[in-house]
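Beneath this line is the structure, given in structure tokens, with notes to follow.
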Amino acid sequence: MKLAHIALMLVLWALSGPASYAAGDWQAYDQEGEAKYKAHDYAESEVLLRKAVQAAQAENSQAGLDKSLSDLGWLYTDQKRFADAEPIYNQFLQVRLKAFGATSMKTETAYRLLGNDQHAEGKNPAALTNLLEALKIVEQQPATDATNDELMGVLKNIAVVYKAEGNTTEYQAYSQRAQTLAFQYLQGKHFGNR
């Protein structure tokens, strides 16, 4: 009888769904949320990543909040759930501003994610505001291959938004600037004048 009881308990435990973690264990929730995402179980991934965000907030973990918000934003973006992603990316931006400051490339990434999400939603004026903030940050960085790549990317993002808005003058200006950087790079002027 005891063996049957133990077997029943094991079956119930196995069927109970994802492992349950102690409150505040953002890493465990985040890791399992990522695993569910990779397994294409998006609904369960969302539940776990939201728990990771809550746990990171409870722990007051900036690193946990940064990672879990980023993962949750990407989950929504990959599913083209842009309206759901926008408040997550807004929160992600606030975390990055607090943790890294207004001139960090990590903050630039948050501005770009938010701006690109807003463009996907058709919120082009807001998208431009955030993408232009990203551009300001990149332009303040030393010219390296990595920052030039980032600069080309944000210039292209801005050009696309201007094109969507029907502003061909700005579209052409930002596109040309990105093309010039790409051309300089191909010519071996890796740290060329911006």
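The values are calculated or read from the model by the stated rules, or taken from the named source; none is laboratory data. Keep in mind the model is a prediction, meaning the values are calculated, not measured. With ideal geometry, Cβ positions are generated from the backbone for all residues, glycine too; neighbour counts draw on all protein chains shown.
Worth pointing out:
- Of the residues in the range 99-108, at least one is of a type outside the set (A, V, I, L, M, F, W, C), part of a helix (DSSP H, G or I), out of contact with any strand residue (DSSP E or B) (no Cβ under 6 Å at 6 or more places or on another chain) and without any contact (Cβ under 8 Å) to a residue 24 or more places away in the chain.
- Looking only at residues in the range 137-161 that are in a helix (DSSP H, G or I) and in contact with a Ser or Thr (Cβ under 8 Å, 6 or more places away or on another chain), the one that is nearest to residue 87 (Cα to Cα) is 137.
- Residue among 134, 173 that alone is crowded, with 18+ Cβ neighbours inside 10 Å, assigned to a helix (DSSP H, G or I), among the hydrophobic types (A, V, I, L, M, F, W, C) and modelled with pLDDT of 95 or more: 134
- Answer from 107, 144 - the residue that is at pLDDT below 95 and in contact with a Phe, Trp or Tyr (Cβ under 8 Å, 6 or more places away or on another chain): 144
- Residue count for the range 55-96 under the criterion of being of a type in the set (S, T, N, Q) and at pLDDT 95 or above: the result is 7.
- Filtering 170, 133 for residues that are among the charged types (D, E, K, R) and within 18 Å of the chain's Cα centre (by Cα) leaves a single hit, 133.
- Checked against the criterion of being more than 28 Å from residue 60 (Cα to Cα), of a type in the set (Ser, Thr, Tyr), at pLDDT 95 or above and surrounded by 15 or more Cβ atoms within 10 Å (Cβ to Cβ), the range 151-167 contains one or more residues that satisfy it.
- Pick from the range 98-119, criterion over 14 Å from the mean Cα position of the chain (by Cα) and within 19 Å of residue 71 (Cβ to Cβ), ranking: surrounded by the most Cβ atoms within 10 Å (Cβ to Cβ): 100
- As for the range 70-90, it holds no residue that is among the hydroxyl-bearing types (Ser, Thr, Tyr), farther than 30 Å from residue 143 by Cβ and outside any helix (DSSP H, G or I).
- Any pair with Cβ under 8 angstrom, 6 or more apart, that starts in the range 143-157 at a residue that is closer than 13 Å to residue 180 by Cα and free of Cβ contacts under 8 Å to residues at least 40 places away in the same chain and ends at one that is among the charged types (D, E, K, R) and surrounded by fewer than 20 Cβ atoms within 10 Å (Cβ to Cβ): 155/177
- Residues that are in contact with a helix residue (DSSP H, G or I) (Cβ under 6 Å, 6 or more places away or on another chain), surrounded by fewer than 21 Cβ atoms within 10 Å (Cβ to Cβ) and aromatic (Phe, Trp, Tyr) within the range 38-89 comprise just one, 82.
- Of all residues in the range 124-173, those satisfying the criterion of being under 22 Å from residue 102 (Cβ atoms) and of a type in the set (Ser, Thr, Tyr) are 129, 144, 147.
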